[in-house]
1. Given the conditions (1) at pLDDT below 65; (2) not in a helix (DSSP H, G or I), which single one is not true for Glu11?
2. Just give me the residues in region 23-68 being hydrophobic (A, V, I, L, M, F, W, C) and either touching a helix residue (DSSP H, G or I) at 6+ places or on another chain (Cβ under 8 Å) or modelled with pLDDT under 70 (or both), in sequence order.
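The values are calculated or read from the model by the stated rules, or taken from the named source; none is laboratory data. Computed from a predicted model, the values in this text were never measured in an experiment. With ideal geometry, Cβ positions are generated from the backbone for all residues, glycine too; neighbour counts draw on all protein chains shown.
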Amino acid sequence: MSSQNPDPDKEKITGLEPGGGVPPGETPPAEASTGGPQGHDEGGPGKAASRIWLVLIGIFVLLGLLYFVGYIAGLFS
C-alpha cells in the first residue's frame, strides 16, 4: 500500500524564508510553553500571621465599641 507523505515540501511552505525565518508582516510560529517558576512566588507572611493580626485588630475594635457603649450607658462617668 502506497501513501503520500503528509509533510509538505519545505520549498512550498508559505511564509517561511530560507533558514526557517519569518518575513515581516507574517505571523510567527507558536512559541513553546515555558516551564518552571515565572517570578510570582512572593515571600510575604503566612496565613497564621495574617489571622493573628486580624484577631488582634478585631479584639481592639470590639473593646473600643464596648467602651463607647458603656460610656453612653453611663457606666464610666
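1. Every condition holds for Glu11 apart from (2).
2. Ala30, Ala32
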